[in-house]
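> Sharing a structure with you now.
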Amino acid sequence: MTLRPGAPLPNAPLEKTAGVRLGGLILDILYPVQPLRIFTQGFSIMTRKHVETMLIIGLGGFVGANLRYVISVWAAAQFGQNFPWATLLVNFTGSLFLAVFVGWTANHLLLDPKLRMLVAVGFFGAYTTFSTYAVESVAMAQTGNWIGAFGNFLGMNLICLIGAAIGLAVGSKF
């Protein structure tokens, strides 16, 4: 049985299911709130909770983006700029610490969803999106979904490289 993000486990109270999916796939920790419908139904359904969630994510994003900048400046000074050491360092540490957070929150089911949004979506979303990709790929592999894990690995790398090549080609024309 597969659950979609935000769906409670069968026969479990909603407040005790935040962050857990069957088979150990922990995507709900990354996305504990249903996607906002503001883009398809207009801004009239924007509630105070939506605004608070966006502010919490924004705060985490502010910290994550600025930490990425500080690490990038430090890495360039330490290791030079002949190789993207800063990107490698940020992507590795982001993947490591997001996975630690996801693993930890899986054992703390009553953790406030606002904290998950602040850290997983806001902070790590701005610090590195590679960390989400890495954690999702490993989670699929751990549950035996090797086709999904390999597809995610190949797809993300291939599609993103193609997207970058197209973007550079289009951008250089203007």
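The values are calculated or read from the model by the stated rules, or taken from the named source; none is laboratory data. As the structure is a prediction and not an experimental result, all values here were calculated from the model. Ideal geometry is used to build each Cβ from the backbone, glycine not excepted, and the neighbour counts take in all protein chains shown.
> Out of the residues in segment 133-162 that are farther than 25 Å from Val70 by Cβ and among the hydroxyl-bearing types (Ser, Thr, Tyr), state the one that is surrounded by the most Cβ atoms within 10 Å (Cβ to Cβ).
Ser137
> If you don't mind, another one. Consider only pairs whose beta carbons are under 6 Å apart and that are at least six residues apart or on different chains; among these, list those whose first residue lies in segment 152-168 and is closer than 25 Å to Ala139 by Cβ and whose second residue is of a type outside the set (Gly, Ala, Ser) and assigned to a helix (DSSP H, G or I).
What qualifies is Met156/Tyr133.
> Among the numbered conditions (1) within 12 Å of the chain's Cα centre (by Cα); (2) small (Gly, Ala, Ser); (3) modelled with pLDDT under 90, tell me where Ala86 comes up short.
It is condition (1) that Ala86 fails.
> Taking segment 53-71 only, how many residues are under 17 Å from Arg116 (Cβ atoms) and among the charged types (D, E, K, R)?
0
> Let me ask you something else. How many of the residues making up segment 80-96 are part of a helix (DSSP H, G or I) and either of a type in the set (S, T, N, Q) or surrounded by 14 or more Cβ atoms within 10 Å (Cβ to Cβ) (or both)?
Summing the residues that are part of a helix (DSSP H, G or I) and either of a type in the set (S, T, N, Q) or surrounded by 14 or more Cβ atoms within 10 Å (Cβ to Cβ) (or both) in segment 80-96 gives 10.
> Could you look through segment 97-132, keep only residues that are buried (at least 19 other Cβ atoms within 10 Å of the Cβ), among the hydroxyl-bearing types (Ser, Thr, Tyr) and within 11 Å of the chain's Cα centre (by Cα), and pick out the one that is modelled with the highest pLDDT?
In this case the residue turns out to be Tyr127.
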